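Notes follow the structure.
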Amino acid sequence: MQKLLLALAATCLSANLFAMETKELADAKAEYMKAPFGSESARLQYVDKLASMLRRYSFHMTGVQADAYVKEIESELRAHPAPKTIDAEQLRDILLSGNWKSVRHDCQYNSDGSYLLLPEVKGEAPGQWRIESNRYIDAATAGHRTDERYTIAVLNDRYFIYFDKKDMVFNSRVAKTTNGSLPKTASRKTSRNAL
């Protein structure tokens, strides 16, 4: 009986949390829709809110409802990419201003157009990258036959999120230690592709 009551309470709590999540997304959409059409500052605020939601819910919630919610957020990010007229040099400077963490690895982008997956693996060649317009390009290297091109959804001081037709890649900024190296952090594994 006690297990049944606990399961019922957990189900009710889960449903209540999901209702709050969908309200948060609906409120963010409504606020964005009130902004003047084509307002880049409104888009930036909106995608930053979406990125914050994506980070919270994709890493801390599981289950069918959480998966559906994450897909809805990803759909909104895909619908509101960085404009093609965005200043690629400004995006490049933001990318170079820190290191980034995804669930798979940390990454250090260098001004020479190379990047390193951290911690470094001895003998592994660095990857190559560039930004053109609103596109992040993982350049062809010995291991890749062609450039991999992604559309940037958001690249700011907290998040770097980009996508192609199949995947969405979520990165958050990692603080450097005083000696310039990355702090040792535990990465949470997730079943969601590329997040």
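The values are calculated or read from the model by the stated rules, or taken from the named source; none is laboratory data. None of the values given here were measured: they were computed from a predicted structure.
List of remarks:
- Among the residues making up the range 104-161, those that are over 19 Å from Pro83 (Cα atoms) and of a type in the set (Gly, Ala, Ser) are Ser111, Gly113, Ser114, Gly123, Ala125, Gly127, Ala139, Ala140, Ala142, Gly143.
- Set Tyr159, Tyr136, Tyr150: member being under 18 Å from Met53 (Cα atoms) and at pLDDT 80 or above: Tyr159
- Lys101 being in the same structural domain as Arg145 (by TED's automatic domain parsing) and basic (Lys, Arg): yes
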